[in-house]
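*Asks:* Here you go, one structure.
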Amino acid sequence: MIRIDKVMLAAAVSCAALAGAARADGTVEVLHWWTSGGEAKAVGELKKAFEAEGGTWVDSPIAGGGGDAAMTALRARVMAGNPPTAVQLKGPGIQEWAEQGALNNVQDVAEAGNWDKVLPPALASIMKYEGKYVAAPVNIHRVDWIWGSPEALKKAGVEAMPTTWEEFNAAADKLEAAGLIALAHGGQPWQDATLFETVVLGVGGADFYRKALVELDDAALRSDTMVASFDQLRKLRGYVDPNFSGRDWNLATGMVMRGEAGFQIMGDWAKGEFLAAGKVPGEDFLCAPTPGKGFILNSDSFTFFKVSGDDNIKGQKVLARLIMSPEFQKVFNMAKGSIPARTDVPLDDFDSCAKRSHEDLLAAIENDTLVPSMAHEMAVPRSVRGEFLDLVTQFFNSDMSSQDATTRLADAVQRAM
Ligand code: BGC
């Protein structure tokens with residue numbers, strides 16, 4: 001009897017020690033939409049780092065590029081009074097949830113880690129609500145990229161990646177003449193909107209982009225420049241294969257990888273796919289900015305929802321600290337295709353596309369041509385973004401004229417404001 005008591009006591013003590021250890025190192029349930037090959041690899045780095053500190057990671061992936069499905073799931077969880085501890089969220093969405101009182105701040109972690117000193121001010125302000133950090137940024141993604149297949153381009157006699165939309169169209173015509181798909185694309189609203197915003201930047205320039213897609217200036221939205229942007233989007237629609245509808249973005253990347261298609265226009269998470277498949281930039285695939293001067297910014301970040309319990313709060317703080325550590329920012333971004341959000345992480349080990357992204361980012365800051373992504377929720381409230389996505393997708397899937405699209409878009413944005 002005594003022996004049993006002793007065994008039981010020992011077991012109870014060791015259980016308590018284990019539970020204590022888990023509590024001490026925190027638990028996080030992380031809601032995210034990183035489910036493609038490159039994305040899963042990248043988020044795996046965060047899980048690994050968190051678990052290395054003794055924390056418990058509960059993974060809640062919601063598949064769907066661009067995160068629209070994840071945001072629907074998040075709303076349902078919050079409505080049910082059961083928010084996840086950490087959520088991949090960005091741009092104005094952070095402010096929207098903070099205004100509703102849904103977020104915890106991690107200001108103490110931010111102060112201890114000097115976040116104000118190591119983040120670009122434009123990014124730091126997106127992460128703060130009422131002067132306190134409620135989010136931690138993991139990266140800087142660039143949206144305005146063209147990915148090219150050297151094999152397909154060679155077959156079609158295209159010598160270089162295009163630098164103007166005229167060159168793009170001419171190269172696409174050659175690819176089609178060679179029996180190849182010119183533009184690998186997935187017909188999903190956020191992907192259509194991704195094409196659209198790169199075209200708006202290329203056709204109208206950064207000032208026009210800002211007026212139309214960020215400030216929602218009515219005159220810009222109704223301008224001839226917008227009509228011309230829709231004209232180029234119509235051209236792109238013509239370069240897409242018949243099976244594009246509903247295709248996931250990473251499957252489109254696969255088409256470029258296999259040399260079936262010449263180009264994909266997509267943010268540099270596409271590079272994460274090439275890298276995860278062991279492909280080498282400059283050899284197996286090419287990267288070039290889409291035509292036009294500027295840099296469309298998309299930054300992923302994690303927010304910390306209002307949860308209770310020491311274990312969860314501890315988890316949020318540990319996660320925030322890890323996300324902003326230079327070591328994590330390096331390994332994560334080398335897998336994700338992006339560059340670090342921190343300005344003090346050396347890029348020596350990064351590939352040539354990442355280095356180009358960094359150079360162009362600095363130039364864009366200098367020339368005031370850095371613009372936030374509308375399609376990727378960095379620019380306007382979700383309700384307004386929804387109007388853009390609906391209209392652009394309708395245009396893409398019908399024979400709507402560019403003039404009609406321009407008027408309907410401006411009317412819809414006005415109604416949503
Ligand atoms: C996110 C990326 C993600 C991509 C595709 C973007 O909105 O910022 O991190 O890889 O969507 O899912």
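*Asks:* So G272 fits all but one of (1) within 16 Å of the ligand (Cβ to nearest atom); (2) of a type outside the set (F, W, Y); (3) in the same structural domain as A80 (by TED's automatic domain parsing); what number is the exception?
*Replies:* (3)
*Asks:* Is it the case that some residue within region 72-79 is within 15 Å of the chain's Cα centre (by Cα), surrounded by 16 or more Cβ atoms within 10 Å (Cβ to Cβ), touching a residue at least 12 places away in the same chain (Cβ under 8 Å) and farther than 23 Å from K271 by Cα? Even if it seems obvious, please write down each step before you answer.
*Replies:* Filtering region 72-79 for residues within 15 Å of the chain's Cα centre (by Cα) gives none.
Looking through region 72-79, none of the residues is within 15 Å of the chain's Cα centre (by Cα), surrounded by 16 or more Cβ atoms within 10 Å (Cβ to Cβ), touching a residue at least 12 places away in the same chain (Cβ under 8 Å) and farther than 23 Å from K271 by Cα.
*Asks:* Only one of G282, G315, G309, G294 is at pLDDT below 95 and in contact with a Ser or Thr (Cβ under 9 Å, 6 or more places away or on another chain). Can you tell me which? Steps first, answer last, please.
*Replies:* Details: G282 fails: at pLDDT below 95; G315 fails: at pLDDT below 95; G294 fails: at pLDDT below 95.
Just a single option satisfies the conditions, and that option is G309.
*Asks:* Can you find a residue that is in the same structural domain as N397 (by TED's automatic domain parsing) and either more than 30 Å from L391 (Cβ to Cβ) or acidic (D, E) (or both) anywhere in region 118-136?
*Replies:* Kept after step one, since they are in the same structural domain as N397 (by TED's automatic domain parsing), are these residues of region 118-136: none.
Taking every residue of region 118-136 in turn, none turns out to be in the same structural domain as N397 (by TED's automatic domain parsing) and either more than 30 Å from L391 (Cβ to Cβ) or acidic (D, E) (or both).
*Asks:* Within the group I140, I94, which residue is over 18 Å from L31 (Cβ atoms), touching a strand residue (DSSP E or B) at 6+ places or on another chain (Cβ under 6 Å) and within 16 Å of the ligand (Cβ to nearest atom)? Outline the logic, then answer.
*Replies:* Values: I94 fails: over 18 Å from L31 (Cβ atoms).
None of the other options fit; the residue is I140.
*Asks:* Of the residues R356, R342, which is surrounded by 23 or more Cβ atoms within 10 Å (Cβ to Cβ) and basic (K, R)?
*Replies:* Working: R356 fails: surrounded by 23 or more Cβ atoms within 10 Å (Cβ to Cβ).
Result of the check over R356, R342: R342.
*Asks:* Please determine whether any residue of region 283-296 is in a helix (DSSP H, G or I) and surrounded by fewer than 24 Cβ atoms within 10 Å (Cβ to Cβ).
*Replies:* From region 283-296, those in a helix (DSSP H, G or I) are none; that's our starting set.
The answer is no, given that none of the residues of region 283-296 is in a helix (DSSP H, G or I) and surrounded by fewer than 24 Cβ atoms within 10 Å (Cβ to Cβ).
*Asks:* Could you run through region 313-328 and say how many residues are away from the ligand (no atom under 16 Å from the Cβ) and in contact with a strand residue (DSSP E or B) (Cβ under 6 Å, 6 or more places away or on another chain)?
*Replies:* Just the residues of region 313-328 that are away from the ligand (no atom under 16 Å from the Cβ), to begin with: 313-322, 324-327.
Now narrow it down to the ones that are in contact with a strand residue (DSSP E or B) (Cβ under 6 Å, 6 or more places away or on another chain): 315-316, 319-320, 324.
Looking only at that region, the number is 5.
*Asks:* Identify the residue in region 34-77 that is touching a Lys or Arg at 6+ places or on another chain (Cβ under 9 Å) and in a helix (DSSP H, G or I) and, among all such residues, is farthest from the ligand (Cβ to nearest atom).
*Replies:* It comes out as E45.
*Asks:* Separate question: Given V392, V371, which one is modelled with pLDDT of 95 or more, touching a helix residue (DSSP H, G or I) at 6+ places or on another chain (Cβ under 9 Å) and assigned to a strand (DSSP E or B)?
*Replies:* On the way: V392 fails: assigned to a strand (DSSP E or B).
From the options V392, V371, the qualifying one is V371.
*Asks:* A further question on this structure: Condition test on D300, is it under 30 Å from Q232 (Cα atoms) and within 12 Å of the ligand (Cβ to nearest atom)?
*Replies:* Details: under 30 Å from Q232 (Cα atoms): yes; within 12 Å of the ligand (Cβ to nearest atom): yes.
In short, yes.
*Asks:* Right, here's the next one. Can you list residue pairs whose Cβ atoms sit under 7 Å apart, with the first residue in region 307-329 being touching a residue at least 40 places away in the same chain (Cβ under 8 Å) and the second being of a type in the set (K, R) and assigned to a helix (DSSP H, G or I)? Count only pairs 6 or more apart in sequence or on different chains.
*Replies:* Pairs that qualify, where the first residue is touching a residue at least 40 places away in the same chain (Cβ under 8 Å) and the partner is of a type in the set (K, R) and assigned to a helix (DSSP H, G or I), are D310/R23; D311/R23.
*Asks:* Out of curiosity, is V331 more than 16 Å from the ligand (Cβ to nearest atom) and either part of a helix (DSSP H, G or I) or modelled with pLDDT of 95 or more (or both)?
*Replies:* Values: more than 16 Å from the ligand (Cβ to nearest atom): no; either part of a helix (DSSP H, G or I) or modelled with pLDDT of 95 or more (or both): yes.
Here the answer is no, as V331 does not meet what is asked.
*Asks:* Let me ask something else about it. Only helices (runs of 4 or more DSSP H) wholly contained in region 156-237 count here; list those with 1 or more residues that are within 20 Å of V413 (Cα to Cα). Spell out how you get there, then give the answer.
*Replies:* Numbers: elements: 165-177, 189-209, 218-221.
The qualifying helices (runs of 4 or more DSSP H) are 189-209, 218-221.
*Asks:* As an exercise: evaluate P189 against (1) closer than 21 Å to W249 by Cβ; (2) touching a strand residue (DSSP E or B) at 6+ places or on another chain (Cβ under 6 Å) and give the number of the one condition it does not meet.
*Replies:* (2)
*Asks:* Here's something else I'd like to know. Would a scan of region 394-414 turn up a residue that is farther than 30 Å from D241 by Cα, in contact (Cβ under 8 Å) with a residue 12 or more places away in the chain and within 16 Å of the ligand (Cβ to nearest atom)?
*Replies:* no
*Asks:* Okay, moving on. In this structure, does A102 turn out to be surrounded by fewer than 19 Cβ atoms within 10 Å (Cβ to Cβ), more than 20 Å from L322 (Cα to Cα), within 20 Å of the chain's Cα centre (by Cα) and assigned by TED's automatic domain parsing to the domain that holds M71? Walk me through how you get there before you give the answer.
*Replies:* Working: surrounded by fewer than 19 Cβ atoms within 10 Å (Cβ to Cβ): yes; more than 20 Å from L322 (Cα to Cα): yes; within 20 Å of the chain's Cα centre (by Cα): no; assigned by TED's automatic domain parsing to the domain that holds M71: yes.
Taking the combined requirement at face value, the residue does not satisfy it.
*Asks:* Of (1) at pLDDT 95 or above; (2) assigned to a helix (DSSP H, G or I); (3) over 30 Å from G113 (Cα atoms), S383 satisfies all except one. Which?
*Replies:* For S383, the failing item is (1).
*Asks:* Of the conditions (1) within 13 Å of the ligand (Cβ to nearest atom); (2) over 25 Å from M127 (Cα atoms); (3) part of a helix (DSSP H, G or I), Q264 satisfies every one except a single condition; which number is it?
*Replies:* Tallying (1) within 13 Å of the ligand (Cβ to nearest atom); (2) over 25 Å from M127 (Cα atoms); (3) part of a helix (DSSP H, G or I), Q264 fails exactly one: (3).
*Asks:* Taking the condition among the small types (G, A, S), modelled with pLDDT of 95 or more and within 22 Å of A193 (Cβ to Cβ), does A228 pass? Steps first, answer last, please.
*Replies:* Details: among the small types (G, A, S): yes; modelled with pLDDT of 95 or more: yes; within 22 Å of A193 (Cβ to Cβ): yes.
Yes; evaluated as a whole, the condition is true for this residue.
The values are calculated or read from the model by the stated rules, or taken from the named source; none is laboratory data. From a predicted model like this one, the values you see are computed outputs, not experimental measurements. Using ideal geometry, Cβ is built from the backbone for each residue, glycine included, and neighbour counts are taken over all protein chains shown.
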